[in-house]
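Peer 1: My structure is below; once you've seen it, I'll send some questions.
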Amino acid sequence: MKKSWVTMFLPNDEYKERQLLYFIAEAFVLFIGFLGVAVLLNRFLGIFSTEFSYILLGVIAILSLYVWIRYILSGMEYANVVEKSEYKIELKKTIVSTSKFAVLFAGVGIVLKVTKIVEYSWMDLIGISTCAYVLLLVFQLSSLRLSLKKNREL
């Protein structure tokens, strides 16, 4: 935790630091939830302007991406990967799980298209599914590589 800019706002006591971090995490989750409720209320009741909804969705996306990217770059996701053999095992698992995600993502997209809940072309579905798969795979492989590097340093 000492590699974060947040440490300057945290107490020196380890117990207090951990508790405060829990409170901050809980506040973050509640904030995201409230933003989501605001987006839904706006969608169905039209309380805010359309632009405001996009701003709220953008804030949700940015905050969520920040936490996810920090987690990936920390190298703590794969704590048991130290040797090359463990790396190869996790690499196979990562590729399989990411492929499962891509199939599920495409499946949900197909269901939404067939039931006419959303209107988009088949090329849009293939493109979005492929982009989601590639991005997730790149992030997961980066996390695996960074975890291996960090675990070897320890």
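Peer 1: For the full complex of protein chains and a 1.4 angstrom probe, list ILE128, ILE32 by accessible area with the highest value first.
Peer 2: Largest accessible area first, the list is ILE128, ILE32.
Peer 1: Straight-line reach only, C-alpha to C-alpha below 17 angstrom: list the aspartates and glutamates that LYS100 could link to, leaving out same-chain residues fewer than 8 apart.
Peer 2: Reachable aspartates and glutamates: GLU90.
Peer 1: Let me ask something additional. Heads up, I need the accessible area for THR7: 1.4 angstrom probe, whole protein in place, Å², nearest 10.
Peer 2: 40
Peer 1: Now, a different point. Heavy atoms of the protein only, probe of 1.4 Å, neighbouring chains included. What is the accessible area of GLU51 in Å², nearest 10?
Peer 2: Counting only protein heavy atoms, GLU51 exposes about 120 Å² to solvent.
Peer 1: Leaving out ligands, DNA and RNA, what percent of the accessible area of the chain is carbon and sulfur, probe 1.4 Å?
Peer 2: Carbon-and-sulfur percentage of accessible area, whole number: 71.
Peer 1: Using protein chains only and a probe of 1.4 angstrom, how many square angstrom of ILE95 are accessible, to the nearest 10?
Peer 2: Accessible area of ILE95: about 70 Å².
Peer 1: Using a Gaussian network model on the chain with a 10 Å cutoff between Cα atoms, which of SER49, SER97, SER129 fluctuates the most?
Peer 2: Among SER49, SER97, SER129, the largest mean-square fluctuation in the Gaussian network model of the chain belongs to SER49.
Peer 1: What size of dipole, in debye to the nearest 20, comes out for the chain about its Cα centre when the only charges are +1 on Lys and Arg C-beta atoms and -1 on Asp and Glu C-beta atoms?
Peer 2: 460
Peer 1: Same structure again: If you build a Gaussian network model of the chain, linking Cα atoms that sit under 10 Å apart, which residue out of TYR133, TYR87, TYR54 swings the most?
Peer 2: Of TYR133, TYR87, TYR54, the most mobile in the Gaussian network model is TYR54.
Peer 1: May I ask you to evaluate 6.51 cos²θ - 1.76 cosθ + 1.60, the Karplus curve with θ = phi - 60°, for each residue of region 5-11 and list the ³J(HN,Hα) values in order in whole Hz, giving x for glycine and proline?
Peer 2: Ordered by residue, 3J(HN,Hα) equals 5, 5, 4, 5, 9, 9, x Hz.
Peer 1: Which helices of the chain meet both criteria: a Cα extent of 24 Å or more along the helical axis and a mean Kyte-Doolittle score no lower than 1.0, with helices taken as whole DSSP H segments?
Peer 2: Helices passing the filter in the chain: 14-45, 50-74.
Peer 1: Which value, in Å², gives the accessible area per residue of the chain when a 1.4 Å probe is used on the protein heavy atoms?
Peer 2: It amounts to 75 Å² per residue over the chain.
The values are calculated or read from the model by the stated rules, or taken from the named source; none is laboratory data. These numbers were taken from a predicted model, which means no experiment stands behind them. Cβ sites come from the backbone with ideal geometry, for glycine too, and all protein chains shown count toward neighbours. The accessibility values were calculated without ligands, DNA or RNA, using every heavy atom of the protein model including side chains. Shrake-Rupley method; radii C 1.70, N 1.55, O 1.52, S 1.80 Å.
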